[in-house]
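In what follows, a single structure is set out as structure tokens and then discussed.
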Amino acid sequence: MIENKDFSESISQKIKEIYDKVIRGELSLLDYELVPIFNELKDSLSTSNINNYSKTYIEACNLLDTKFEELKALLNSFDEEKQFKEYLESEPSDQEILYLFNNCWIKTFDLSILSYDFIEASKERLIHEKYTPIIIEHLKKEKSNDKFILELPKHKFTEKLLEFFESVKDKLPCSFYEIFDEDLDQIVLYQQFVYILHLLQLGKIQYQAETNTLYILGD
């Protein structure tokens, strides 16, 4: 036994390569000898690497199970060939042989609306039908006397901002939502929200995300 050597990864890689070849049809496990893999596992196993080898041992056993399945399928095929030969030697009637082979044919799936003729006719209609092309026109700019709904107040923005700060600083600290009055309409609420953003940017108000709290530094 080789002490303190762990070949589990290389053995697992070898097993994976064998599986890949089997899937691609390049190899039949019936033609491949698995005893060297199990010998390699046995010879390199030690108390220091036994945990890693358990997974590799399962992979090797799965490979052996797959080989047994291939062998079973091969034996079954021999059995079927033998039965078919015995059937032919029994000199079945022409009617029996006809019935046997008729059941071997796969009937084609044919649905009228998906048939070749339907698809061909649909193609011809698409070729000959003419569609009015979509015309994209640029919108014309028009003047309007209506006031924009978010029109800036007449007072200077900075003055309005400081007025808002003076009106709410006594409420702080408080939650973000408590800073707004409940009876505000949407336009005023939007204006005050903009003021809050600017005050946060200027550092006059601080915000703690964990508690959703607005506060003044130093309070």
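The values are calculated or read from the model by the stated rules, or taken from the named source; none is laboratory data. Bear in mind that the values here come from a model prediction, so they are computed numbers and not experimental data. Quick reminder, even Gly has a Cβ in these numbers, built from the backbone with ideal geometry, and neighbours come from all protein chains shown.
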Exercise. Of the residues S54, S48, which single one is among the hydroxyl-bearing types (S, T, Y) and assigned to a helix (DSSP H, G or I)?
Worked result: S54
For this session: For the stretch 169-191, state whether one or more residues are in contact with a helix residue (DSSP H, G or I) (Cβ under 6 Å, 6 or more places away or on another chain) and modelled with pLDDT of 85 or more.
Result: no
Exercise. Looking at the stretch 167-219, which of the residues that are within 21 Å of F157 (Cβ to Cβ) and of a type in the set (D, E) is surrounded by the most Cβ atoms within 10 Å (Cβ to Cβ)?
Worked result: D181
For this session: Answer yes if at least one residue in the stretch 88-111 is at pLDDT 65 or above, in a helix (DSSP H, G or I) and under 30 Å from L214 (Cβ atoms), and no otherwise.
Result: no
